[in-house]
Amino acid sequence: MLSIISWIALGIGAISSIIIIVDVFRHPQHMTIMNIVWPINGWFFGPIALWTYFKWGRINAKNLDLEDSRGNGAKVFVSTSHCSAGCTLGDALGVPIVTLGALTIAGSTLYAHFTAQFILAYIFGILFQFYAIYPMNKKAGVKRAFKSAIKADTLSLIAFEVGMFGWMALVNLVIFSTPPEPNEGAYWFMMQIAMILGFLTSYPVNWWLVKRGIKEAM
């Protein structure tokens, strides 16, 4: 039953991503990196990502003249989506690296997954933030843009990984006596849930960062 539910959830996520990809090609975002962000969010948020994209994301399309009536909560949601997408990409890429390399830390595959995923999530998270900051202020230079990206996204990245790693720790140490493997649909379904929880733990941090002026609402 879990396998069936997992493949249904993964299929819904894939379809959601494809729908967003098709629409993004027709209506590209002003901020280029968001053309990647929204489809990634479609994978783990599914119909919620579709709803938020068409309600809030399309407002920033280059070839659509739509009124921006979003409140601060919606703008922080988009900012959190941006952060979450970078983390999600890094976390997803970390899985095959650890699995194919048969990597362990202190004899634990789980610790190896957490380490590889955090490093890659941090790299991609900062890169995503850089490509949000630099195109809007190229005169400030690449170095300053990277510093701003690190300042704006480090706390939200850590908050995301707290939610994500917390769930995967429960999956591996509490919920299952024999945890699902990366070659099983159930593993990636658990990852989908982990990304959603990471988003939820990251949202209040992004709200605080925007309120303090450390990060721009999107």
Legend entry - Positive-pole candidate from W56, W38, L209, dipole of the chain, charges at beta carbon: L209
Legend entry - Spatial separation of Cα centroids for segment 95-117 and segment 1-73, in angstrom: 30 Å
Inset, instruction - Would you grab the residues whose amide H sits under 5 Å from the one on Q29? Only those 5+ places off in sequence or on another chain, please, with H modelled 1.01 Å from N. - result: N35, K62
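For segment 1-147, what class follows from the C-alpha gyration tensor (a ≥ b ≥ c being the square roots of its eigenvalues): rounded when a/c is under 1.5, otherwise prolate if a/b is larger than b/c, else oblate? Could you put the intermediate results ahead of the total?
Numbers: a/c = 2.54, a/b = 1.29, b/c = 1.97.
It is oblate, given that a/c is not under 1.5 and a/b is not larger than b/c.
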Legend entry - Theoretical ellipticity at 222 nm over the chain - DSSP helices of four or more residues, -39500 (n - 2.57) apiece, nearest 500: -24500 deg cm²/dmol
Legend entry - Gain upon complete extension [T115, I15; 0.36 nm per residue less C-alpha separation]: 33.0 nm
Inset, instruction - Provide L170, L209 ordered by accessible surface of protein heavy atoms (probe 1.4 Å), highest first. - result: L170, L209
Legend entry - Full-extension gain in nm, K211 to S3, via 0.36 nm per residue minus C-alpha separation: 70.7 nm
Legend entry - Net charge dipole size for the chain [Lys, Arg +1 and Asp, Glu -1 on Cβ; Debye, nearest 20]: 980 debye
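Using a 10 Å Cβ count of at most 12 others and DSSP loop calls, identify the longest part of the chain lacking such trypsin sites (Lys or Arg not before Pro). Write down the numbers at each step before the final one.
Numbers: sites that count: K62, R212.
The reported range is 63-211.
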Legend entry - Charge context of S3, other residues only, Cβ under 14 angstrom, K/R +1, D/E -1: -2
Inset, instruction - Work out from phi, with θ = phi - 60° and the Karplus expression 6.51 cos²θ - 1.76 cosθ + 1.60, the ³J(HN,Hα) of each residue of segment 156-163, listed in order in whole Hz, and give x for Gly and Pro. - result: 5, 5, 4, 4, 4, 5, 4, x
Legend entry - Using θ = phi - 60° and Karplus 6.51 cos²θ - 1.76 cosθ + 1.60, couplings along segment 4-13 (whole Hz; Gly, Pro as x): 5, 4, 4, 5, 5, 4, 5, x, 4, x
Inset, instruction - Springs between alpha-carbon atoms under 10 Å, Gaussian network over the chain: tell me which of I40, I105, I18 tops the mean-square fluctuations. - result: I105
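Could you work out what % of the accessible surface of segment 77-218 is carbon and sulfur, using a 1.4 angstrom probe and leaving DNA, RNA and ligands out of the count?
Details: 4640 of 6850 Å².
Answer for segment 77-218: carbon and sulfur cover 68 percent of the accessible area.
May I ask for the net charge around G71, where only other residues with Cβ less than 14 Å from the Cβ of G71 are counted and Lys, Arg are +1 while Asp, Glu are -1? Numbers along the way, then the final one.
Details: positive: K55, R70, K75, K211; negative: E67, D68.
With Lys, Arg at +1 and Asp, Glu at -1, the net is +2.
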Inset, instruction - Once you have the Cα-Cα distance between T32 and I175, take 0.36 nm times their residue separation minus that, and quote the gain in nm to one decimal. - result: 47.5 nm
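The values are calculated or read from the model by the stated rules, or taken from the named source; none is laboratory data. Being a predicted model, the structure only gives us computed values, none of them experimental. All Cβ positions, glycine included, derive from the backbone under ideal geometry; neighbour counts span all protein chains shown. Accessible surface areas use protein heavy atoms only, side chains included; no ligands, DNA or RNA. Shrake-Rupley method; radii C 1.70, N 1.55, O 1.52, S 1.80 Å.
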